[in-house]
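Trainee: One structure, pasted below without further comment.
Nothing in this text is a laboratory measurement; each read-out follows from the coordinates by a stated rule. Not measured: the values here are computed from a predicted model. Cβ coordinates were reconstructed from backbone atoms using ideal geometry, including for glycine residues, and neighbour counts include every protein chain displayed.
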Amino acid sequence: MADKDRTEKATPRRERKAREKGQVPRSRELGGTLSLLSAIVALSWVAPRWVPQWRSLWRDNLSLALTADITPDTALFRTAGTTVLYWIAPVLCTAWLVAIGAMFAQGGFVFAPVALSAKWSRLNPVANLGQLFSTRGLSRVAKSLVPLSIIAYLGVAIIMRDWGTLIRLSEMGYAQFPGWLFRRLFEIGWKSCGVLLVWAALDYVLQRFNFAKSLRMTKQEVKDEHKEGEGNPQTKRRIRMLQRQMRRRRLLQAVKEATVVVTNPTHYAVALRYDLDTMAAPVVVAKGADLIALEIRRIAQWNGVPIIENKPLAQLLYRSVEEGQFIPAKLYVAVAEILALVYKMQSRNRHPGGTGPGTGGGAH
């Protein structure tokens, strides 16, 4: 698909999938440069402490060489190795920690087993040579020549600046020469790291831009992903329809088993069920407002459940009692009056000369 069609920013879901594959915008140059700079700083901090130890070690080596042969089994030889390791350990640890921290700062911790899988195409020498001499490979080489040229210029400038001192090095005492040389090397080192740091920061910005560009989506892809995340509209409509059907069946069964329906008369409807022999208090089996209240009234009329209009009681029951709960004690008297009226109506209907089926639509 043409890149010009990919105009939409990547969604969080697409970014998360890319991260699961190990695709995170990172600049290797930035981590390497920070690591090198930290090593140079650590070296400049610990180097002055090395001078007395170097002198002592060098003096001991010369003294031993005059009296015996120096072999790998010599204790002084092992001491020298241990001392060198002790010197370089802080520098190496600092560089390693800074490199790890720089990688974490750019993309955090990413564990992607997919990225660890073997890709035999990487071992193809023909493909690797093709990438080396491709436009992308040549552009990388060209980009690396830019900071290298600047560093070379800085080195030449420092040498030309101190050229007068260089040609008179033989006049400098042996005690001053190592310090002078170390200071010049340190200057070249930190200035070179400064150039590389600026270049690495630009590379990191470019990496983020290219990464965001590679994840861009078309409008259709955004719509499809939205459907996958939110659900197909047809499926959602089907689910809502099934939910309404289930709710209507529950409502139908609950109202059919009700003893009476208390209404507002139109805004609220509350269905109560009470069995004098088995129940301690009436239970709210169904309730609703507006359209649901109308549905409860229709089901009650269809199944011959008495409907009593009592506005204050209907509102109070609707707001204070949930479905399946017993009515509170403070409503016993009001509900008992309604139940007494219902039982009276039912008793009248069971005797000849009654008023007909107990729909009770206009009862009060």
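Trainee: Aspartates and glutamates within cross-link reach of Lys311: Cα-Cα under 13 Å, excluding same-chain residues under 8 positions apart?
Mentor: The reachable aspartates and glutamates, counting only those whose Cα sits under 13 Å from Lys311, number zero.
Trainee: Mind running the shape call on the stretch 251-350? Use the C-alpha gyration tensor, a ≥ b ≥ c as the square roots of the eigenvalues: rounded below 1.5 for a/c, prolate if a/b tops b/c, oblate otherwise. Let's see the in-between values first.
Mentor: On the way: a/c = 1.39, a/b = 1.09, b/c = 1.28.
Rounded, because the longest to shortest axis ratio a/c is under 1.5.
Trainee: Students often forget the sequence filter, so: which lysines lie under 27 Å Cα-Cα from Lys143 once same-chain residues fewer than 8 apart are removed?
Mentor: Within reach: Lys4, Lys191, Lys213.
Trainee: Arrange the following residues from fewest to most other Cβ atoms within 10 Å of their Cβ: Met241, Met103.
Mentor: Met241, Met103
Trainee: Which aspartates and glutamates have a Cα less than 15 Å from the Cα of Lys287, not counting those fewer than 8 places away in the same chain?
Mentor: Glu257, Glu295, Glu309, Glu322, Glu323
Trainee: Here's a follow-up. Extension gain Met279-Arg319, at 0.36 nm per residue separation less the Cα-Cα distance, in nm?
Mentor: Length gained between Met279 and Arg319: 12.2 nm.
Trainee: Moving to a separate point now. Among DSSP bridges having both ends in the stretch 251-350, what percentage is antiparallel? Round to the nearest 5.
Mentor: 80
Trainee: If packing is taken as the average count of other Cβ atoms within 10 Å, what order do 204-214, 288-298 fall into, highest mean first?
Mentor: Ranked from most to least packed, the peptides come out as 288-298, 204-214.
Trainee: Something else about it: Could you check the spin-label model distance between Leu294 and Arg168? Points 7 Å from the Cα along Cα→Cβ, value in nm.
Mentor: It works out to 10.8 nm between the two label points.
Trainee: Work out the length of the dipole vector of the stretch 251-350 about its Cα centre, built from +1 on the beta-carbon of each Lys and Arg and -1 on the beta-carbon of each Asp and Glu, and round it to the nearest 20 debye.
Mentor: Here the stretch 251-350 has a charge dipole of around 260 debye.
Trainee: Between Arg183 and Leu206, what is the FRET efficiency for a Förster distance of 51 Å, r being their Cβ-Cβ separation, to the nearest 0.05? Spell out each step's value before the answer.
Mentor: Details: r = 35 Å, r/R0 = 0.69.
After rounding, the FRET efficiency stands at 0.90.
Trainee: Another one. Stretch Ala336-Lys219 to full length: gain in nm at 0.36 nm per residue minus the Cα-Cα span?
Mentor: Extending this stretch completely gives an extra 35.7 nm.
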